[in-house]
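Q: Below you will find the structure I want to go over with you.
Just so you know, all these numbers are worked out from the coordinates, no wet-lab data involved. Quick caveat: nothing in here was measured; it's all calculated off a predicted structure. When we count neighbours, we look across all protein chains shown, and the Cβ atoms used for this are built from the backbone with ideal geometry, even at glycine.
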Amino acid sequence: MDAKLSKVDKYYVKTKSKKEELLSDTTSERYSEATDYFETLEKIKGDFHILFKKYSEDILPGLINGLNYLFSSKRKKDYEELIILRNTVAAFVKEIEEMLPPLTEESLTELREGYFTKRGAAIERHKRELADFESQHSNALDTVADKICTELDAILPDEFVDYLSAMASRYSANVFKVNTSSEVQDEVLDMMFVDYPVDYLVQSRIVASVLKEKCASLLSDSDIR
């Protein structure tokens, strides 16, 4: 608008050449306490447009226009107001340019801190949920293992496992030896070892683990003998 007015109103240009340097440090007092820069800039634009329209559209004939400028203090004051409004805009723009980097950095810092806070909370929540899951999983495994042990104890009592271990040890000690005692001992006919491949025949790792633990004395290379 300033450029357009300068093209159509030579008296505005004349006033600028006289007053621009004198008013270079002057800004509008109406906006000295403004805090919302962008809203204020819109208001200044509105004020500028009113004066711009007044002197760019309603132009008086040449001689009358010159006399009007010469004797109208109001017109000179309006031109000075246009210069001051321009200065005010420039001052606000400069202030915004000076304040924007720190504000941007502050916003980035807040966003960064917020991100790491949320990330830390999410990590802690994940740890708690994982710990709860592992605890529940462990408890479930313990429950299953206890049930398996109970059923195994009913099917394969420890006393019977110990008995089989003793028979196997005695057979192992006497097999292939000369002048050994009878192959029938305590009503047991010693014939051969038979290996039971637990890992191959038992699909459940839990059952296999419990079975190996219960029959540890009978194990031979992970097989029950």
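Q: By counting other Cβ atoms within 10 Å of each Cβ, how are Ile83, Ile123 ranked from fewest to most?
A: Ile123, Ile83
Q: Now for a different question. What list of ³J(HN,Hα) values in whole Hz, one per residue of the stretch 79-88 in order, does the Karplus curve 6.51 cos²θ - 1.76 cosθ + 1.60 (θ = phi - 60°) give from phi, with Gly and Pro shown as x?
A: Each residue's phi maps through the Karplus curve to give 4, 4, 5, 4, 5, 5, 4, 4, 4, 5 Hz.
Q: Enumerate the calculated ³J(HN,Hα) couplings along the stretch 146-155 in order (Karplus 6.51 cos²θ - 1.76 cosθ + 1.60, θ = phi - 60°), each rounded to whole Hz, writing x wherever the residue is Gly or Pro.
A: Values per residue, Gly and Pro as x: 4, 5, 5, 4, 4, 5, 5, 4, 6, 7 Hz.
Q: Further, regarding this structure: By a straight-distance test (C-alpha under 20 Å), which aspartates and glutamates pair with Lys54 as possible cross-link partners, with residues fewer than eight away in the same chain excluded?
A: In chain and number order, the partners are Asp2, Asp9, Glu42, Asp78, Glu80, Glu81.
Q: If each of Phe193 and Asp36 carries a label point 7 Å out from its Cα toward its Cβ, how far apart are those two points in nm?
A: 9.2
Q: Hey, which of these cross-link pairs are over 18 Å Cα-Cα: Lys14/Lys77; Lys19/Lys43; Lys45/Lys76; Lys16/Lys74? Can you show the working numbers first?
A: Working: Lys14/Lys77 13 Å; Lys19/Lys43 23 Å; Lys45/Lys76 20 Å; Lys16/Lys74 15 Å.
Exceeds cut-off: Lys19/Lys43; Lys45/Lys76.
Q: Starting from the Cα of Arg119, step 7 Å along the direction of its Cβ; do the same at Asp142; then give the gap between the two resulting points in nm.
A: If labels sit at Arg119 and Asp142, their model points lie 3.6 nm apart.
Q: Just rank Cys149, Cys215, fewest to most, by other beta-carbon atoms within 10 angstrom. Working shown, then result.
A: Numbers: Cys149 14, Cys215 20.
The fewest-first ordering by Cβ neighbours comes to Cys149, Cys215.
Q: Let me ask something else. With each pseudo-label sitting 7 Å past Cα toward Cβ, what's the Ser73-Glu106 distance in nm, one decimal?
A: Simple spin-label model gives 4.5 nm for this pair.
Q: Moving on. Please list, or write none, the lysines whose alpha carbon is within less than 30 Å of the alpha carbon of Lys214, excluding same-chain residues fewer than 8 places away.
A: Filter leaves Lys147.
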